[in-house]
1. Output the residue which, of all residues in the stretch A:244-274 that are open to solvent by less than 10 Å² (accessible area, probe 1.4 Å) and within 15 Å of DNA strand C (Cβ to nearest atom), is nearest to A:Asp367 (Cα to Cα).
2. Is there any pair linking a residue in the stretch A:516-532 that is open to solvent by less than 60 Å² (accessible area, probe 1.4 Å) to one that is among the small types (Gly, Ala, Ser) and not in a helix (DSSP H, G or I), with Cβ under 7 Å and at least six apart or on different chains, and which?
3. If you go through the stretch A:474-483 one residue at a time, do you hit one that is within 30 Å of A:Glu624 (Cβ to Cβ), more than 16 Å from DNA strand C (Cβ to nearest atom) and either touching a residue at least 24 places away in the same chain (Cβ under 8 Å) or crowded, with 20+ Cβ neighbours inside 10 Å (or both)?
4. All but one of (1) away from DNA strand C (no atom under 16 Å from the Cβ); (2) within 23 Å of the chain's Cα centre (by Cα); (3) open to solvent by 20 Å² or more (accessible area, probe 1.4 Å); (4) charged (D, E, K, R) hold for A:Arg370, so report the exception by its number.
5. Among the numbered criteria (1) within 16 Å of DNA strand B (Cβ to nearest atom); (2) assigned to a helix (DSSP H, G or I), which one does A:Leu414 miss?
6. Restricting to the stretch A:513-557, name every residue that is assigned to a helix (DSSP H, G or I), among the small types (Gly, Ala, Ser) and closer than 19 Å to A:Thr373 by Cα.
7. Tell me which residues, restricted to the stretch A:585-627, are free of Cβ contacts under 8 Å to residues at least 24 places away in the same chain, away from DNA strand B (no atom under 14 Å from the Cβ) and farther than 18 Å from A:Lys555 by Cα.
8. Restricting to the stretch A:59-98, name every residue that is open to solvent by 30 Å² or more (accessible area, probe 1.4 Å) and more than 24 Å from the chain's Cα centre (by Cα).
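The values are calculated or read from the model by the stated rules, or taken from the named source; none is laboratory data. Here the structure is a predicted model, which is why all the values come from computation and not from measurement. In this analysis, Cβ positions are derived from the backbone assuming ideal geometry, glycine residues included, and neighbour counts consider all displayed protein chains. For accessibility, only protein heavy atoms count, side chains too; no ligands or nucleic acids. Shrake-Rupley method; radii C 1.70, N 1.55, O 1.52, S 1.80 Å.
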Amino acid sequence: MLSTKPKAYKRFSPIGYAMQVDELSKFGVDERIIRKIKERGISEFYPPQAEALRSGVLNGENLLLAIPTASGKTLVAEIVMLHKLFTGGGKAVYLVPLKALAEEKYREFKTWEDLGVRVAVTTGDYDSSEEWLGKYDIIIATSEKFDSLLRHKSRWIRDVTLIVADEIHLLGSYDRGATLEMILSHMLGKAQILGLSATVGNAEELAEWLNAKLVVSDWRPVKLRKGVFAHGQLIWEDGKVDKFPPQWDSLVIDAVKKGKQALVFVNTRRSAEKEAGMLGKKVRRLLTKPEARRLKELAESLESNPTNDKLKEVLVNGAAFHHAGLGRAERTLIEDAFREGLIKVLTATPTLAMGVNLPSFRVIIRDTKRYSTFGWSDIPVLEIQQMIGRAGRPKYDKEGEAIIVAKTEKPEELMEKYIFGKPEKLFSMLSNDAAFRSQVLALITNFGVESFRELIGFLEKTFYYHQRKDLEILEGKAKSIVYFLLENEFIDIDLNDSFIALPFGIRTSQLYLDPLTAKKFKDALPQIEENPNPLGIFQLLASTPDMGTLSIKRKEQESYLDYAYEMEDYLYRSIPYWEDYEFQKFLSEVKTAKLLLDWINEVSEAKLIEAYGIDTGDLYRIIELADWLMYSLIELAKVLNAGGETIKYLRRLHLRLKHGVREELLELVELPMIGRRRARALYNAGFKNVNDIVKAKPSELLAVEGIGVKVLERIYRHFGVELPLLKNIKDPDKPEDKPKEKPKPKKGTLDYFLK
DNA sequence: ATAACGATTTCGCGCCTCGCGGAGC
DNA sequence: GCGCGAAATCGTTAT
């Protein structure tokens with residue numbers, strides 16, 4: 001087969017490797033592409049970029065590019081994609097791990113549309129039929145979305161000639177790595193693969209698996225100084241020492257005094273908020289008048305809710321915090337304001353390091369330990385180095401600084417481990433049973449794998465097998481999962497030992513559900529039919545592995561247990577005993593269920609946040625998840641031949657869950673710009689259905705709380721009527737006034753829920 | 001002597017995050 | 001593994 005051994009360019013000296021953009025023509029790259037790059041003001045490539053472009057990737061060879069963030073991986077990918085499209089046609093797929101990143105890349109790649117290249121983004125947030133995507137040349141997708149598209153056997157998949165896997169090292173992430181690994185296993189040999197990675201311990205091994213050339217470098221466009229701070233001493237990697245006041249916050253003040261910014265990584269949300277408050281107070285007086293004014297404007301533009309109020313308070317001081325409790329709108333607002341230089345200090349949980357590109361002159365790592373499922377552990381070197389990599393803003397700073405704060409740790413050890421140390425090796429996460437289960441199911445139900453032998457044959461293509469080379473373990477694992485699938489009627493087997501995909505299994509896989517979730521749904525279905533009720537259903541949703549669990553506080557336990565007993569008749573399971581290992585989990589499921597129940601009974605956001613001890617972002621996420629699972633439950637119920645009445649009941653409940661309303665508002669809430677709040681206001685003002693609204697005078701509607709001219713305009717447009725200048729309205733009952741398509745608010749914004 | 005209240009010490013609790021679906025007359 | 005708030009203990013003062 002392919003005999004070319006992958007070659008590693010490990011040590012490379014930048015000197016002599018420079019490459020002019022013009023030289024691309026030597027590789028057959030189209031003039032238009034070259035011109036476009038030069039228009040961006042780029043005339044020469046960075047050394048690692050040159051190295052990558054020379055590696056053979058432009059001739060269609062696979063490449064693994066392991067270089068630091070912001071050293072120009074994206075540009076390489078862009079050139080390779082464009083070149084491929086210009087010479088070979090087909091489609092390029094760009095895989096990202098985060099929705100936010102998908103959007104970021106979309107904005108970047110859109111500039112190529114001048115050359116007639118069509119760019120599309122598809123994530124769970126965007127509706128996107130396969131046909132629609134077929135029209136595009138570059139498709140940006142999250143790994144999960146692409147995996148899902150593969151399972152749906154989208155037509156255009158066979159046109160894909162290039163896969164770019166951004167952040168390919170996430171293949172080693174516990175819960176999501178397997179997805180990426182399987183996508184690559186599917187596409188290996190069918191499309192060219194370009195992997196973009198952070199530096200990892202075993203890049204060679206990964207490249208070997210991908211049959212790819214390997215380019216590794218630690219070259220950066222901005223110089224980077226690394227150091228450790230311990231009690232007033234800032235010890236640089238070269239041994240030099242700077243004196244500071246004893247507290248680490250002096251590093252932040254110092255940066256801001258120099259007219260720069262600081263990014264501080266901490267390990268809890270609470271710390272992020274606390275430190276932002278503390279730092280804000282010290283940084284406030286260094287702001288210029290116009291800055292202070294702009295910040296105030298920004299803060300005022302934020303909607304008021306318990307989480308945002310905390311944010312507003314620090315924002316006016318030129319500080320901010322960034323964590324998953326924030327809504328998405330708030331997060332991007334902060335990111336933009338930091339990029340603009342308006343926010344001087346940003347404190348963040350480690351999420352930020354793997355997310356959008358947000359560089360800062362100085363990066364301070366306050367914590368190197370974190371709480372995870374297995375208790376406390378050191379944050380992996382890989383992750384810390386990603387944080388470190390955020391130091392230095394390419395266009396603004398000559399040099400970036402990354403400083404790890406030592407508290408109880410010995411400074412030398414931190415230095416050794418995180419600054420000079422090698423990042424961890426990547427391990428295949430098909431070893432994670434949950435991931436493996438779902439992938440094996442997909443292979444059988446969606447990818448036409450017909451026998452056990454064939455299954456093993458495919459699995460031999462994975463990184464898992466490449467890495468372990470242990471057929472026995474692989475077969476053992478596969479066997480136990482096949483049994484599970486057989487036992488629960490996801491699949492069947494005929495007399496010749498051929499697999500038969502059953503509808504239940506097929507749908508489960510297409511819905512992208514964990515088979516365990518599907519099993520739970522299936523088992524509970526008879527009880528739902530017998531006694532349909534929101535609480536029971538919500539508890540069921542909350543008990544699935546696909547729904548993250550809400551943490552429960554010690555002090556809350558008793559009251560939720562009482563609640564569970566009170567509601568025992570509504571639940572589809574018995575209440576476990578205190579000694580049961582699942583007791584804790586059960587209570588947190590009850591808590592989640594109760595939250596959802598409150599939500600559909602129109603309890604205000606602020607009250608929910610307060611009562612359940614969560615942030616806005618959490619609320620939003622829980623509801624989104626429940627919404628998705630509810631939909632999946634309905635789909636599976638259909639496959640399992642549930643009664644028509646049950647399906648109808650579930651559908652209404654799904655709508656209520658989606659919008660957070662009681663029954664009576666379901667009609668109103670379908671209108672654009674009308675969410676739970678405005679719908680309630682309208683209803684209480686006597687406008688109880690669409691007809692009432694249509695008949696009402698605009699002035700009457702404007703008198704309702706929360707209904708302004710803009711909203712009204714939008715509603716009238718929905719009916720195909722211009723807002724009459726508060727005079728006469730067209731007869732609304734004419735059917736042609738109703739437009740075909742219902743415009744929806746963009747999912748993923750806060751407005752989606754508050755409308 | 002002791003209630004009352006403020007200051008200081010001890011105790012135990014809670015801690016990080018991301019993605020997945022998709023219907024029209 | 002550690003910060004934080006609550007609870008517990010200690011300390012001071014007023015009556």
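1. Going through the stretch A:244-274, the residues open to solvent by less than 10 Å² (accessible area, probe 1.4 Å) turn out to be A:251-252, A:255, A:262-266, A:272.
Filter again for within 15 Å of DNA strand C (Cβ to nearest atom), leaving A:264-266, A:272.
Working: A:Val264: 9, A:Phe265: 7, A:Val266: 5, A:Ala272: 11 Å.
Within the stretch A:244-274, the match that is nearest to A:Asp367 (Cα to Cα) is A:Val266.
2. Short answer, once both residue conditions are applied: A:Leu525/A:Ala642.
3. Let us first name the residues in the stretch A:474-483 that are within 30 Å of A:Glu624 (Cβ to Cβ), namely A:481.
Cutting the leftovers down to more than 16 Å from DNA strand C (Cβ to nearest atom) gives us A:481.
Going one step further and asking which of them are either touching a residue at least 24 places away in the same chain (Cβ under 8 Å) or crowded, with 20+ Cβ neighbours inside 10 Å (or both), we end up with A:481.
Yes: one or more hits.
4. (1)
5. (1)
6. Looking only at the stretch A:513-557, we keep the residues that are assigned to a helix (DSSP H, G or I), and these are A:515-530, A:534-542, A:554-557.
Okay, now just the ones that are also among the small types (Gly, Ala, Ser), so A:518, A:524, A:536, A:542.
Result: A:Ala542, single match.
7. Listed by number, the residues that qualify are A:Asp598, A:Val603, A:Ser604, A:Lys607.
8. Hits for the stretch A:59-98 are A:Asn59, A:Gly60, A:Glu61, A:Lys84, A:Phe86, A:Thr87, A:Gly88, A:Gly90.
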